[in-house]
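Report on one structure; see the data block that follows.
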């Protein structure tokens, strides 16, 4: 049994890394030990599990079938070990999170070091993805997104302040094009569009008109899928950008950018951490929620 477990562990590592050397590094053993463990396992089951060449290693059909049956069981074993850690006084285990890039920059990056220092038994595995992931299907503990609209079975906890938006442009742009005074004036201007990484569609600008929320489809010669590059494009005089105020505050103070349409700029909902259920909330996730909620007035839905 011990030899079988050693071979199974080696097989899982090689299947993930596609390399004996990388698998050995992950397991803290030598490549020779990995090779011997796999050879013993193949002799035990009487089937070749790996296809080896001088350049690569991959699963045979039998190996892929065996691995598909193994992975759920190994996941249960890992969860069993993590559950033991959660019975201790201090939260422990690996937190798997799916987070958009902007959310990582705004919410996690400034607080991650403090969180890990406060909880030395917790590890964090973060996948940067702008799509709304099915966290249950993909095996994540929680996800981060702007706003609280999501599936009914999800719990949403606000973990950042609301986001004040701004329309900005460079002095050089306004010197040649003038300033818009109402959202309808935007049709006469070059606007820097934000293109969604997930859907590929252009985001409409959500502005205010006499206190009413309106959506404006703007036009321009530049489209980008990154807020920081949009700000850079605005500084370069390529057009107007609709971006979070905190991303341009310093540039406005330095007079590299100028606000326009200020009465028409809304405040949007901040970032929410979402997860499947309050029942048996893992201590590691509760610790993250509590830490991120400190210093703000957000509430759970």
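The values are calculated or read from the model by the stated rules, or taken from the named source; none is laboratory data. All values derive from a computational prediction rather than experimental measurement. Glycine gets a Cβ as well: all are built from the backbone with ideal geometry, and neighbour counts include every protein chain shown.
Tabulated results
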read-out: Filter result for residue 245 (touching a residue at least 24 places away in the same chain (Cβ under 8 Å) and surrounded by fewer than 20 Cβ atoms within 10 Å (Cβ to Cβ)); value: yes
read-out: Flag for residue 46 being within 18 Å of residue 64 (Cα to Cα) and touching a residue at least 12 places away in the same chain (Cβ under 8 Å); value: no
read-out: The range 233-247, residues that are more than 21 Å from residue 182 (Cα to Cα) and more than 23 Å from the chain's Cα centre (by Cα); value: 233, 235, 236
read-out: Test: residue in the range 263-270 that is in a helix (DSSP H, G or I), touching a residue at least 40 places away in the same chain (Cβ under 8 Å) and over 20 Å from the mean Cα position of the chain (by Cα); value: yes
read-out: Test set (1) outside any loop (DSSP other than H, G, I, E, B); (2) out of contact with any strand residue (DSSP E or B) (no Cβ under 6 Å at 6 or more places or on another chain); (3) exposed (fewer than 14 other Cβ atoms within 10 Å of the Cβ) - residue 127 fails condition number; value: (2)
read-out: Filtered residue count, the range 276-301, keeping only those that are outside any loop (DSSP other than H, G, I, E, B), modelled with pLDDT under 90 and within 15 Å of residue 139 (Cα to Cα); value: 0
read-out: Criterion: within 30 Å of residue 199 (Cα to Cα) and at pLDDT below 90 - qualifying residue of 57, 136, 107, 77; value: 136
read-out: Unique residue being in the same structural domain as residue 25 (by TED's automatic domain parsing), more than 30 Å from residue 287 (Cα to Cα), more than 30 Å from the chain's Cα centre (by Cα) and assigned to a loop (DSSP other than H, G, I, E, B) when the list is 48, 39; value: 48
read-out: Top-ranked residue in the range 172-197 [being surrounded by 13 or more Cβ atoms within 10 Å (Cβ to Cβ) and over 21 Å from residue 232 (Cα atoms); ranked as nearest to the chain's Cα centre (by Cα)]; value: 183
read-out: Qualifying residue in the range 24-33 (condition: free of Cβ contacts under 8 Å to residues at least 60 places away in the same chain and in contact with a strand residue (DSSP E or B) (Cβ under 9 Å, 6 or more places away or on another chain)); value: no
read-out: In the range 189-212, the residues that are at pLDDT below 95 and over 21 Å from residue 102 (Cβ atoms); value: 209, 210, 211, 212
read-out: In the range 206-218, the residues that are assigned to a loop (DSSP other than H, G, I, E, B) and exposed (fewer than 14 other Cβ atoms within 10 Å of the Cβ); value: 210, 211, 217
read-out: Residue count for the range 59-72, restricted to those that are touching a helix residue (DSSP H, G or I) at 6+ places or on another chain (Cβ under 9 Å) and loosely packed, with under 14 Cβ neighbours inside 10 Å; value: 2
